[in-house]
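*Asks:* Just passing along the structure, written as structure tokens.
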Amino acid sequence: MAKFEGYKDIYVFVEQRNGVIANVGYELISEARKLVASIPHMGFKVVGVLLGHNIKDQAQTVIAHGADKVIVADDAMLEGYSTQFYTDTLTQIINEFKPDSFLTGATVLGRDLAPRVAARLNAGLTADATKIEMDPEKKDEALLLVTRPTFGGNLFGTIICPDTRPQMATIRPNVFSMDAPDASRSGEVIEFTPKFENTDAKVVVKEVIAKVVEGIDITKCDILVGAGRGAEDCLDMVQAVADELGGAMCASRAVVDDGFASKDIQVGQTGKTVRPSLYIACGISGACQHVAGMEKSDMIIAINRDPQAEIFSIANMGFVGDVKEILPLLKEEIIAA
Ligand code: FAD
């Protein structure tokens, strides 16, 4: 008999707000497709889980993004996010369908929801992960190896849930790439009706005030010019180069802590995770906490006057010298290319 009889498939919570699906759901579905492909003998599928109200039509979009099946709980009680009703619904879905793994974005919503569901189910949860793999040693089960930064980002720990199912994890947005949707994909849509034992909300959300993001959202930029402490005396130039290249400026935590940039543009473990086509690191040492937020960029060009700087170990191209001298020349080369 299999160790976890009845548990199968990788489930992904597809987060939506006001009917708009967050990209992290699609990123996790794309990654889940790779995971199931790595264990073809298990015959696992990728299942999206969509909660909300008037959101049934979105199921087909989730299938286009790679889900084989979508479970939709469409209920007026799930109109806005409620910890209580979303936890009730997800717990029921997991108890009924028995997913082998359940992945959620490490968003504000996901970080609130996933631990509560895990606690109700007595399941293991790895929070804030940056990498997931299948254990290649295990042939008769799909054991996830889930990696996350630990000890202030100085180490990475790989965590397993060997004795419980589902294996749960929250994963940071932007860590995985998102496959292009394929509208011709077909899949199954299952409608799930949640049962709420107590419909009196313990917490009532009176008003939602959306944060106004000032400037550009760096997680959506294709070209980023990163300013580190070594570029603090030429930030206007870094900004101008970013503008000329059609991108945006971002910064290391040192620059934010020194008061030269807003936290909104900080890249790294305690900032944002970015994966642009081009990341130009200017006067950035390459501390692991910074690298954790930008190492998935397609092309990394580093400028640093210290030839031993750590940033060169992850850069595709590096220039040893002063940012003020090299960045303008590099910009001309990029524009001419
Ligand atoms: P420095 O380490 O001071 O490096 C400056 C670099 O610029 C040096 O390599 C120097 O050689 C070079 N340089 C100096 N002048 C020039 C010049 N004229 N031309 C070219 N090169 C020059 N950091 C983040 O960035 N993001 C995070 O999210 C983050 N989270 C953290 C979380 C925790 C829990 C902790 C403990 C730390 C965190 N850090 C984070 C801080 C991180 O450890 C580093 O301190 C920080 O990234 C250093 O920033 P920096 O490389 O800009 O500055």
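The values are calculated or read from the model by the stated rules, or taken from the named source; none is laboratory data. Only a predicted model underlies this, so the values are computations on that prediction, with no experimental measurement involved. In this analysis, Cβ positions are derived from the backbone assuming ideal geometry, glycine residues included, and neighbour counts consider all displayed protein chains. Surface areas here come from the heavy atoms of the whole protein model, side chains and all, with no ligands, DNA or RNA. Shrake-Rupley method; radii C 1.70, N 1.55, O 1.52, S 1.80 Å.
*Asks:* Looking only at the stretch 180-205, which residues are assigned to a loop (DSSP other than H, G, I, E, B), β-branched (Val, Ile, Thr) and at pLDDT 90 or above? Talk me through it step by step, then tell me what you get.
*Replies:* Taking the stretch 180-205 first, the residues assigned to a loop (DSSP other than H, G, I, E, B) are 180-187, 192-205.
After this cut, where a residue has to be β-branched (Val, Ile, Thr) as well, the list is 193, 199, 203-205.
The answer is THR193, and nothing else.
*Asks:* Further question: Taking the stated definitions as given, is THR147 touching a Ser or Thr at 6+ places or on another chain (Cβ under 7 Å), polar (S, T, N, Q) and within 20 Å of VAL14 (Cβ to Cβ)?
*Replies:* Working: touching a Ser or Thr at 6+ places or on another chain (Cβ under 7 Å): yes; polar (S, T, N, Q): yes; within 20 Å of VAL14 (Cβ to Cβ): no.
Considered against the rule, which asks whether it is touching a Ser or Thr at 6+ places or on another chain (Cβ under 7 Å), polar (S, T, N, Q) and within 20 Å of VAL14 (Cβ to Cβ), THR147 comes out as no.
*Asks:* Shifting gears a bit: Residue check: is HIS41 touching a Pro at 6+ places or on another chain (Cβ under 7 Å), open to solvent by 10 Å² or more (accessible area, probe 1.4 Å) and either within 19 Å of PRO194 (Cα to Cα) or in contact (Cβ under 8 Å) with a residue 12 or more places away in the chain (or both)? Full working, then the answer.
*Replies:* Values: touching a Pro at 6+ places or on another chain (Cβ under 7 Å): no; open to solvent by 10 Å² or more (accessible area, probe 1.4 Å): yes; either within 19 Å of PRO194 (Cα to Cα) or in contact (Cβ under 8 Å) with a residue 12 or more places away in the chain (or both): yes.
It is false that HIS41 is touching a Pro at 6+ places or on another chain (Cβ under 7 Å), open to solvent by 10 Å² or more (accessible area, probe 1.4 Å) and either within 19 Å of PRO194 (Cα to Cα) or in contact (Cβ under 8 Å) with a residue 12 or more places away in the chain (or both).
*Asks:* Sticking with this one: Could you please let me know if ARG275 is away from the ligand (no atom under 11 Å from the Cβ), basic (Lys, Arg) and open to solvent by 20 Å² or more (accessible area, probe 1.4 Å)?
*Replies:* Values: away from the ligand (no atom under 11 Å from the Cβ): yes; basic (Lys, Arg): yes; open to solvent by 20 Å² or more (accessible area, probe 1.4 Å): yes.
So ARG275 passes the test.
*Asks:* Which count do you get for residues in the stretch 143-194 that are closer than 18 Å to ALA119 by Cα, open to solvent by less than 60 Å² (accessible area, probe 1.4 Å) and not hydrophobic (A, V, I, L, M, F, W, C)?
*Replies:* Number satisfying all stated conditions: 6.
*Asks:* Still on this structure, I have one more. Taking the conditions exactly as written (open to solvent by 20 Å² or more (accessible area, probe 1.4 Å) and not in a loop (DSSP other than H, G, I, E, B)), does LEU235 satisfy them or not? Show your work before the answer.
*Replies:* Details: open to solvent by 20 Å² or more (accessible area, probe 1.4 Å): yes; not in a loop (DSSP other than H, G, I, E, B): yes.
In short, yes.
*Asks:* Determine whether ILE311 is within 13 Å of the ligand (Cβ to nearest atom), out of contact with any Phe, Trp or Tyr (no Cβ under 9 Å at 6 or more places or on another chain), modelled with pLDDT of 95 or more and outside any loop (DSSP other than H, G, I, E, B). I'd like the intermediate steps shown before the answer.
*Replies:* Numbers: within 13 Å of the ligand (Cβ to nearest atom): yes; out of contact with any Phe, Trp or Tyr (no Cβ under 9 Å at 6 or more places or on another chain): yes; modelled with pLDDT of 95 or more: yes; outside any loop (DSSP other than H, G, I, E, B): yes.
Against the criterion (within 13 Å of the ligand (Cβ to nearest atom), out of contact with any Phe, Trp or Tyr (no Cβ under 9 Å at 6 or more places or on another chain), modelled with pLDDT of 95 or more and outside any loop (DSSP other than H, G, I, E, B)), ILE311 qualifies.
*Asks:* Could you look through the stretch 251-272, keep only residues that are among the polar types (S, T, N, Q) and touching a Lys or Arg at 6+ places or on another chain (Cβ under 8 Å), and pick out the one that is farthest from the ligand (Cβ to nearest atom)?
*Replies:* Among those residues, the one meeting the criterion is GLN266.
*Asks:* Does any residue in the stretch 173-194 that is in contact (Cβ under 8 Å) with a residue 40 or more places away in the chain and within 16 Å of ALA64 (Cα to Cα) come within less than 8 Å, Cβ to Cβ, of a residue that is open to solvent by 40 Å² or more (accessible area, probe 1.4 Å) and in a loop (DSSP other than H, G, I, E, B) six or more places away or on a different chain, and which pairs are these?
*Replies:* Every condition considered, the pairs that remain are SER177/ARG275; SER177/LYS296.
*Asks:* Considering only the stretch 296-308, state which residues are charged (D, E, K, R), more than 9 Å from the ligand (Cβ to nearest atom) and touching a strand residue (DSSP E or B) at 6+ places or on another chain (Cβ under 9 Å). Before the answer, list the steps.
*Replies:* First, pick out the residues of the stretch 296-308 that are charged (D, E, K, R): 296, 298, 305-306.
Then drop every residue that is not more than 9 Å from the ligand (Cβ to nearest atom), which leaves 296, 298.
Of everything in the stretch 296-308, just one residue is charged (D, E, K, R), more than 9 Å from the ligand (Cβ to nearest atom) and touching a strand residue (DSSP E or B) at 6+ places or on another chain (Cβ under 9 Å), namely ASP298.
*Asks:* Which ones in the stretch 1-53 are assigned to a loop (DSSP other than H, G, I, E, B), of a type outside the set (Asp, Glu) and either closer than 16 Å to TYR86 by Cβ or in contact with a Phe, Trp or Tyr (Cβ under 9 Å, 6 or more places away or on another chain) (or both)? Before the answer, list the steps.
*Replies:* Start the filter on the stretch 1-53 by keeping residues that are assigned to a loop (DSSP other than H, G, I, E, B), which leaves 1-7, 15, 18-19, 22, 38-39, 43-45, 53.
Retained after the next criterion (residues that are of a type outside the set (Asp, Glu)): 1-4, 6-7, 18-19, 22, 38-39, 43-45, 53.
ASN18, GLY19, ALA22, HIS53 - these are the residues of the stretch 1-53 that are assigned to a loop (DSSP other than H, G, I, E, B), of a type outside the set (Asp, Glu) and either closer than 16 Å to TYR86 by Cβ or in contact with a Phe, Trp or Tyr (Cβ under 9 Å, 6 or more places away or on another chain) (or both).
*Asks:* Given the residues ALA281, ALA248, ALA240, ALA287, which is the only one that is among the hydrophobic types (A, V, I, L, M, F, W, C), crowded, with 17+ Cβ neighbours inside 10 Å and away from the ligand (no atom under 13 Å from the Cβ)? Before you say what the answer is, go through the steps one by one.
*Replies:* On the way: ALA281 fails: away from the ligand (no atom under 13 Å from the Cβ); ALA240 fails: crowded, with 17+ Cβ neighbours inside 10 Å; ALA287 fails: away from the ligand (no atom under 13 Å from the Cβ).
Criteria check complete, one pass: ALA248.
*Asks:* Okay, moving on. Across the stretch 206-228, what is the number of residues that are touching a residue at least 12 places away in the same chain (Cβ under 8 Å), away from the ligand (no atom under 16 Å from the Cβ), in a loop (DSSP other than H, G, I, E, B) and surrounded by 10 or more Cβ atoms within 10 Å (Cβ to Cβ)?
*Replies:* Initially, the stretch 206-228 is screened for residues touching a residue at least 12 places away in the same chain (Cβ under 8 Å), giving 208, 213-216, 218-219, 221-228.
Then keep just the ones that are away from the ligand (no atom under 16 Å from the Cβ); that gives 208, 213-216, 221-223.
This time we only want the ones that are in a loop (DSSP other than H, G, I, E, B), so: 208, 213-216, 221-222.
Keeping just the survivors that are surrounded by 10 or more Cβ atoms within 10 Å (Cβ to Cβ) gives 215-216, 221-222.
So the answer is 4.
*Asks:* Inside the stretch 111-164, can you point out the residues that are under 26 Å from ASN95 (Cα atoms) and within 16 Å of the ligand (Cβ to nearest atom)?
*Replies:* ALA127, ASP128
*Asks:* Sticking with this one: For the stretch 30-41, does any single residue satisfy the condition of being within 21 Å of THR89 (Cα to Cα) and out of contact with any Asp or Glu (no Cβ under 9 Å at 6 or more places or on another chain)? First the steps, then the outcome.
*Replies:* Residues of the stretch 30-41 that are within 21 Å of THR89 (Cα to Cα), as a first pass: none.
No, the stretch 30-41 has no match at all.
*Asks:* Moving to a separate point now. For the stretch 124-139, how many residues meet the condition of being of a type in the set (Asp, Glu) and either open to solvent by less than 40 Å² (accessible area, probe 1.4 Å) or modelled with pLDDT under 90 (or both)?
*Replies:* From the stretch 124-139, those of a type in the set (Asp, Glu) are 128, 133, 135, 137; that's our starting set.
Retained after the next criterion (residues that are either open to solvent by less than 40 Å² (accessible area, probe 1.4 Å) or modelled with pLDDT under 90 (or both)): 128, 135.
Within the stretch 124-139, residues that are of a type in the set (Asp, Glu) and either open to solvent by less than 40 Å² (accessible area, probe 1.4 Å) or modelled with pLDDT under 90 (or both) number 2.
*Asks:* So, one more: Would you mind finding the one in GLY19, GLY6, GLY25 that is under 21 Å from VAL117 (Cβ atoms) and under 21 Å from the mean Cα position of the chain (by Cα)? Explain how you work it out, then say what you get.
*Replies:* Numbers: GLY19 fails: under 21 Å from VAL117 (Cβ atoms); GLY6 fails: under 21 Å from the mean Cα position of the chain (by Cα).
None of the others qualify; the one that does is GLY25.
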